[in-house]
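Visitor: Handing you this structure, nothing more for now.
The values are calculated or read from the model by the stated rules, or taken from the named source; none is laboratory data. Just so we're clear, the structure is a prediction, and the values are computed from it rather than from any experiment. All Cβ positions, glycine included, derive from the backbone under ideal geometry; neighbour counts span all protein chains shown. Ligands, DNA and RNA are stripped out before the accessible areas are found, and what is left, the full protein with its side chains, is counted by its heavy atoms. Shrake-Rupley method; radii C 1.70, N 1.55, O 1.52, S 1.80 Å.
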Amino acid sequence: MALAAGRRVPARALLYAGARLGRTQVMGGGGDGARRFANHQVLVEPDAATGVAVMKLRNPPVNSLSLELLTEFVISLEKLENDKTFRGVIITSDRPGIFSAGLDLTEMCGKNPAHYAEYWKAVQELWLRLYPSNLVLVAAINGASPAGGCLMSLACDYRILADNPKYVIGLNETLLGIIAPFWFKDTLVNTIGHRASERALQLGLLFPPAEALQVGMVDQVVPEDQVQSTALSVMSQWMAIPGPF
């Protein structure tokens with residue numbers, strides 16, 4: 001996100017970052033950022049004229065945050081950050097109905113310790129790339145967004161959720177017998193406050209759109225067919241502010 005006063009990465013999170021960010025990979029699209037480029041699980045649609053790119057998650061069936069998706073996402077976002085043509089990114093799903101189901105549990109069982117370390121480092125790198133990003137990040141949440149999907153949204157500057165009672169959002173790790181890491185918790189506290197976060201984390205609450213808006217987890221709830229257009233409209237407000245941020 002474009003950093004504002006009071007919105008900083010908790011210093012202790014950096015102690016657990018593992019390897020430094022900065023992977024590089026050659027991807028299609030050229031140097032002008034005008035053409036779309038894609039990996040297997042992330043599609044990037046850059047618009048050099050507006051300085052805004054759309055990043056779409058596409059890991060069927062539920063956009064689980066696999067190691068491959070996490071790696072591709074971080075590399076793609078880094079590519080946009082390094083291209084001074086772009087000042088904003090809209091994050092959404094290529095599969096309406098599901099934004100992201102969160103962490104890929106198949107990456108967290110039946111593997112060896114080295115794989116677990118690599119996967120968890122990739123999860124941390126995702127957050128460390130999103131939360132302090134100098135790009136304006138708008139989450140266009142066009143489907144359910146539990147757990148890790150919610151974390152991605154919370155790391156953005158603005159969140160727009162489609163008005164469908166099935167499209168719930170929240171950090172529901174406790175319902176799976178998992179304790180949300182402190183940096184998940186801190187990000188939620190920064191968004192909805194301490195007491196609301198405490199209750200939500202303890203009970204693993206998933207908020208439908210109206211409740212998510214009321215508690216402050218999202219900034220707007222709009223009809224499903226207006227999520228993308230609203231994201232572009234919101235983004236234009238940031239683009240009107242002199243940059244870089």
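Visitor: Of G170, A144, P242, whose Cα points farthest to the positive end of the dipole of region 91-245 (charges on the beta-carbon: +1 Lys, Arg; -1 Asp, Glu; origin at the Cα centre)?
Guide: Result: G170, furthest along the dipole toward the positive end.
Visitor: At q = 0.18 Å⁻¹, what is the log10 ratio I(q)/I(0) for region 167-229, with the Debye formula run over Cα points and no solvent?
Guide: -0.64
Visitor: Arrange the peptides 55-65, 115-125 so that the one whose residues have, on average, the most other Cβ atoms within 10 Å appears first.
Guide: On the way: 55-65: 19.7, 115-125: 17.5.
For the peptides 55-65, 115-125, the packing ranking is 55-65, 115-125.
Visitor: Please tell me the relative contact order of region 115-245 in percent, rounded to the nearest whole number, where contacts are Cα pairs under 8 Å and at least six residues apart. Could the numbers behind the result be given before it?
Guide: On the way: 187 pairs, mean separation 36.6, N = 131.
Relative contact order here is 28 percent.
Visitor: Order K84, K79, most accessible first, counting only protein heavy atoms with a 1.4 angstrom probe. Working shown, then result.
Guide: Numbers: K84 160, K79 60 Å².
The ranking, largest first, comes out as K84, K79.
Visitor: Starting from the alpha-carbon convex hull of region 90-190, give the projected area averaged over all orientations, in nm².
Guide: Working: hull surface 27.9 nm².
Reported value for the Cα convex hull: 7.0 nm².
Visitor: Let me ask something else. Output the antiparallel fraction of DSSP beta bridges having both residues in region 120-245, as a percent to the nearest 5. Walk me through the numbers on the way to the answer.
Guide: Details: 1 of 10 bridges.
Bridges in region 120-245 are about 10 percent antiparallel.
Visitor: Hey, another quick one. Distance from the Cα centre of region 41-93 to that of region 164-183, in angstrom?
Guide: Result: 23 Å between the Cα centres.
Visitor: In terms of the Cα gyration tensor, with a ≥ b ≥ c the square roots of its eigenvalues, is region 123-165 rounded because a/c is under 1.5, prolate because a/b exceeds b/c, or oblate? Each step should come with its number before you reach the end.
Guide: Values: a/c = 3.79, a/b = 1.56, b/c = 2.43.
It is oblate, given that a/c is not under 1.5 and a/b is not larger than b/c.
Visitor: I need the P(r) histogram for region 35-134: all alpha carbon pairs, bin width 10 Å from 0 out to the longest distance, whole percents.
Guide: The calculated distribution, bin by bin, is 16, 46, 30, 8, 1.
Visitor: Please report the equivalent ellipsoid semi-axes of region 147-196, computed as sqrt(5 x eigenvalue) of the Cα gyration tensor, largest first, in whole Å. Write out the running numbers ahead of the final one.
Guide: On the way: eigenvalues 65, 44, 19 Å².
Those come to 18, 15, 10 Å.
Visitor: Okay, next question. Label Y116 and Q237 with points 7 Å out from Cα along Cα→Cβ: what is the distance between them in nm?
Guide: 4.4
Visitor: Tell me, Kirkwood radius of region 41-99 from alpha-carbon pair distances, in Å? The partial results should precede the final answer.
Guide: Working: mean 1/r = 0.0854 Å⁻¹.
Computed over Cα pairs of region 41-99, the Kirkwood hydrodynamic radius comes out at 11.7 Å.
Visitor: I've got another one for you. Quick one: of K56/K84; K121/K166; K79/K166, which pairs are farther than 27 Å apart, Cα to Cα? All intermediate terms of the calculation are to be shown ahead of the outcome.
Guide: On the way: K56/K84 21 Å; K121/K166 31 Å; K79/K166 34 Å.
Flagged as over cut-off: K121/K166; K79/K166.
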